[in-house]
């Protein structure tokens, strides 16, 4: 029977949760790297035992960890993230220019075909790649060197490149999302990039309704069977593109709030998507204190609240951008972690939920591996 491995990054260490295909009983190991902020853990689609982890500390800086045995043991690998050439400056919160400075790795995206090739999205926003399993990292500097780079500015959480989406049908096409700059696409493997933000509106902070950059995109999702269809959770608004990001339209529909951080697509139903609304950009908790995942089976516009097994009173947690994932089993499993330290799972595509672990440190990321 197939199994599932859930990789959880928290403010104070990493945890690995495993179960068989029934997903009824879970084994928990951790904390790995106790006391460290674990921004992201992710496994290679080409080798499920190859894991990468971003370990960070305000005191000791950034470390990249790698496991070759599914997380049983780890070793640090190269941690040199050096911007190409003269780094230059980008826009700061007050509109002045500020030097580009590396702070941490926000997101790892392993190659779909090679366990030694991994993309790393970092703060300050840039994209790096390793082709030797993390022994060395090199910037794809065409992104940061885009003519708009000096206009990029931090979102509330910093100027992070937090999302990397690889097109399974075209190895040269990659999408990235940056807060607060927007979505960029390359069609040549990362040499050249262009913004793909037409249709996004950020009128509260951008006076130009047709601005190419400056949009605070929170996360992107793609179903591998339809790489031209992208879904976006933005700083306000759920958006959809049917043409590889060339244009976007809003599909927030009947949501109680269209502010939130994660967005995911069902493993087998490319028109079924999931979001977790929170009240506002200043009140990061569920509307009415009710923790609800919302599902659309129509690719947006029409949404239903999924509440069975989730707290429906006095709940004031948040779900961060990398803290939701789906598995690929026949009955698609959906998982998310909260800033209150709970990890919830649904083995029936969201119809019912149960906490598979409680009382962890605040959850920063959740990734899922479907094991043979």
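Throughout, read-outs are computed from the coordinates displayed, never taken from laboratory work. Nothing here was measured: the structure is a model prediction, and the numbers come from that model. Using ideal geometry, Cβ is built from the backbone for each residue, glycine included, and neighbour counts are taken over all protein chains shown.
Can you give the FRET efficiency to the nearest 0.05 for residue 351 and residue 257, using r as the Cβ-Cβ distance and R₀ = 30 Å? Don't skip to the end; give the middle numbers.
Values: r = 22 Å, r/R0 = 0.74.
So the FRET efficiency works out to roughly 0.85.
Please report the spacing between the Cα centers of the stretch 213-228 and the stretch 44-74 in Å, no decimals.
Measuring centre to centre over Cα atoms gives 25 Å.
Could you state the principal axis extents of the C-alpha atoms in the stretch 224-345, from the largest down, to the nearest angstrom?
41, 33, 22
Arranged from highest to lowest average of other beta-carbon atoms within 10 Å per residue, in what order do the peptides 231-238, 127-134, 184-191, 81-88 appear? All intermediate terms of the calculation are to be shown ahead of the outcome.
On the way: 231-238: 24.0, 127-134: 19.2, 184-191: 16.8, 81-88: 13.5.
Those peptides, ordered most packed to least, come out 231-238, 127-134, 184-191, 81-88.
Quote the Stokes-Einstein diffusion coefficient, in whole µm² s⁻¹, for the stretch 82-135, based on the Kirkwood radius over alpha carbon pairs, a temperature of 10 °C and a viscosity of 1.306 mPa s. Please report the intermediate quantities before stating the final value.
Details: Rh = 12.5 Å.
For the chosen part, D equals 127 µm²/s.
How big is the gap, in Å, between the Cα center of the stretch 83-97 and the Cα center of the stretch 147-203?
Spelled out, the Cα-based centre of one part sits 17 Å from the other.
Going by the alpha-carbon gyration tensor, a ≥ b ≥ c the square roots of its eigenvalues, is the stretch 159-235 rounded (a/c under 1.5) or, if a/c is not under 1.5, prolate (a/b greater than b/c) versus oblate? Don't skip to the answer; put the middle values down first.
Values: a/c = 2.05, a/b = 1.71, b/c = 1.20.
Prolate, because a/c is 1.5 or more and a/b exceeds b/c.
Taking a ≥ b ≥ c as the square roots of the Cα gyration tensor eigenvalues, with a/c under 1.5 meaning rounded and otherwise prolate when a/b beats b/c, else oblate, which class fits the stretch 142-301? Walk me through the numbers before you get to the answer.
Numbers: a/c = 1.91, a/b = 1.20, b/c = 1.60.
In terms of gyration-tensor shape, oblate.
Residue 328 versus residue 49, label points 7 Å from Cα toward the beta carbon: distance in nm?
The modelled label-to-label distance comes out at 1.9 nm.
With N set to the residue count of the stretch 82-362, report its C-alpha Rg divided by 2.2 N^0.38 Å to two decimal places.
Against the empirical 2.2 N^0.38 Å value, I get 0.98 for the stretch 82-362.
Once fully extended, how much extra length lies between residue 80 and residue 156, figured as 0.36 nm per residue of separation less the alpha-carbon to alpha-carbon distance?
Numbers: separation 76, 0.36 × 76 = 27.36 nm, distance 2.57 nm.
Once the chain is fully extended between residue 80 and residue 156, it gains 24.8 nm.
Relative to the present Cα-Cα distance, how much length would full extension add between residue 103 and residue 132 at 0.36 nm per residue of separation? If you can, show how the numbers build up before the last one.
On the way: separation 29, 0.36 × 29 = 10.44 nm, distance 2.25 nm.
The residue 103-residue 132 span can extend by a further 8.2 nm.
Sort the following peptides by mean Cβ neighbour count (other Cβ atoms within 10 Å, averaged over residues), highest first: 138-146, 319-327. Walk me through the numbers before you get to the answer.
Values: 138-146: 19.2, 319-327: 24.8.
Order by mean packing, descending: 319-327, 138-146.
Rounded, prolate or oblate for the stretch 276-372? Axes are the square roots of the Cα gyration tensor eigenvalues, ordered a ≥ b ≥ c, and the cut-off for rounded is a/c under 1.5.
Since a/c reaches 1.5 but b/c is at least a/b, the shape of the stretch 276-372 is classed as oblate.
For 301, 24, what's the fewest-to-most ordering of other Cβ within 10 Å of each Cβ? Write out the running numbers ahead of the final one.
Details: 301 15, 24 11.
Lowest count first: 24, 301.
7 Å from Cα along Cα→Cβ at both residue 282 and residue 304: what's the point-to-point distance in nm?
Label at residue 282, label at residue 304, 3.6 nm between them.
Thinking of the stretch 44-140 as a set of Cα atoms, what percent of all their pairs are more than 15 Å apart?
Within the stretch 44-140, distances greater than 15 Å cover 62 percent of Cα pairs.
On a C-alpha basis, how far is the centre of the stretch 285-303 from the centre of the stretch 120-139 in Å? Whole number, if you could?
35
For the pair residue 225 and residue 25, how long in nm is the line joining their label points, each one 7 Å along Cα→Cβ?
3.4
Sort 7-14, 154-161 for me by packing, meaning the mean count of neighbouring Cβ atoms within 10 Å per residue, highest on top. Let's see the in-between values first.
Details: 7-14: 23.8, 154-161: 20.0.
My ranking of the peptides, most packed first, is 7-14, 154-161.
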